[in-house]
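Scroll down for the structure; my scribbles are underneath it.
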Amino acid sequence: MTLFETITAALTTNPYLAGGVGTLAFGAAMYLLRAVPAAILDLAERTIWTKVFVESQSNEYRDVDAYIEGRRLDFFSRAVEMKDGTLKTGFGSGWGTYGGTLFKYSKSKSTQQIAPFETITLSFLTRDRGIVERFMRDSRPEEHRNSIYVSMYAAGGQAGGLRRRKRGLDTVFVDSAVKQRLVERISWFLGAEEWHSARGIPWKIGIVLYGPPGTGKTSLIHALASDFGFDIKYIKSLHGLGTAFLTGTRNDLFVIEDIDTISGALSRDGARDREIGDDGAGPMRASPLHEILNSMDGMQTPDGLKFIVTTNHLARLDPAIVRPGRIDEVIEIGPLSLESARAMFKAFYGRDGITGYAPRTGAELQRLFSTMTAEAAEAELARLARSTAG
């Protein structure tokens, strides 16, 4: 008799052992019976359905939320909520159809963060991943296709947002050499991921625009975002800058305006307390400079990061902020040249003009051209040029 036969005989002839083995076998069989359907369902979930997650921090969340509402199967999806003055899809799960394809959705909210965080999970009954791209494209309303989305980020995280109509670069009166330099630099960056990777250089770009107030820095950023199809993530507070950067996608452009004044003076040790008024965040310490520097160029800087910083006073910035490697372009936006002023004059009045001229900001010229006739504006500019020369 073999060893295996001896053990088997002992188990079957001993009533206590036989009972235990029988119970164990029965339990194992029941476990397998339960596990097999679960494994089959899991396999089906991963192979038959195409899934996408849309988070409330993304620019597409509101559009997707509204788009689902018109495609729900009400019999299976009764939950709704009031948002922005209209009924929207409520929290929970349900079913809908898109282009003849069945989809299921789940909408949930997490309150563990400082700001409520919502997620919509969509699962389409198809292996065609292209349906996700079509759904996301179709979810954007027609009136939104000529706009960009501006998300606000304060000390506590995302703080709402709004849509801005796209603006062409030809409507921004900044010297053409500046516009050309920015367009060429950003265009090159977008196609240079492999170039950076091959050289071990972080794939990110930081730009500083500086110059006196009214020279068109904000308008230029708006037009660049429109031209490249970027959405803007606008930083209202430097607290949590690194966290905000991590929410970015390749379609996002981060903007930090007046960095020398935002959240007070930058501090290397964060030793001074200050009140954060417009954020409603309460007392906080001034942002330690190292936190800002590491966010712009450090271990927590994500690939593909794009940010533009503006300031009226470049000399007030710590040299570490604008050093090469952290900032790739430092560009002055000054008063308009005669050529640019004449282009702006023609855009307002429909004819050539301006003979006497001393450099003025775009904001100054806009005020003149919006309130005076062409003749009066030319005369005023000539007078200002004479007084400047004298």
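Report yes if L305 is outside the structural domain of F189 (by TED's automatic domain parsing), buried (at least 16 other Cβ atoms within 10 Å of the Cβ) and at pLDDT 90 or above, otherwise no.
So L305 does not fit the description; no.
Just one of (1) assigned by TED's automatic domain parsing to the domain that holds T311; (2) surrounded by fewer than 11 Cβ atoms within 10 Å (Cβ to Cβ); (3) at pLDDT below 90 trips up G130, so point out which.
(1)
When you look at N312, is it closer than 30 Å to I235 by Cα and in contact with a Pro (Cβ under 6 Å, 6 or more places away or on another chain), yes or no?
When the stated conditions are applied, N312 passes them.
How many residues, within segment 157-213, are in contact (Cβ under 8 Å) with a residue 40 or more places away in the chain, basic (K, R) and not in a strand (DSSP E or B)?
Adding up the residues that qualify gives 5.
Out of the residues in segment 134-149 that are among the acidic types (D, E) and without any contact (Cβ under 8 Å) to a residue 40 or more places away in the chain, which is surrounded by the fewest Cβ atoms within 10 Å (Cβ to Cβ)?
Among those residues, the one meeting the criterion is E142.
I want to confirm something. Restricting to segment 315-329 and keeping residues that are farther than 19 Å from S237 by Cβ and among the β-branched types (V, I, T), which single residue is surrounded by the fewest Cβ atoms within 10 Å (Cβ to Cβ)?
V322
The values are calculated or read from the model by the stated rules, or taken from the named source; none is laboratory data. Treat the numbers as computed from the prediction; the structure is a model and nothing was measured. Ideal geometry is used to build each Cβ from the backbone, glycine not excepted, and the neighbour counts take in all protein chains shown.
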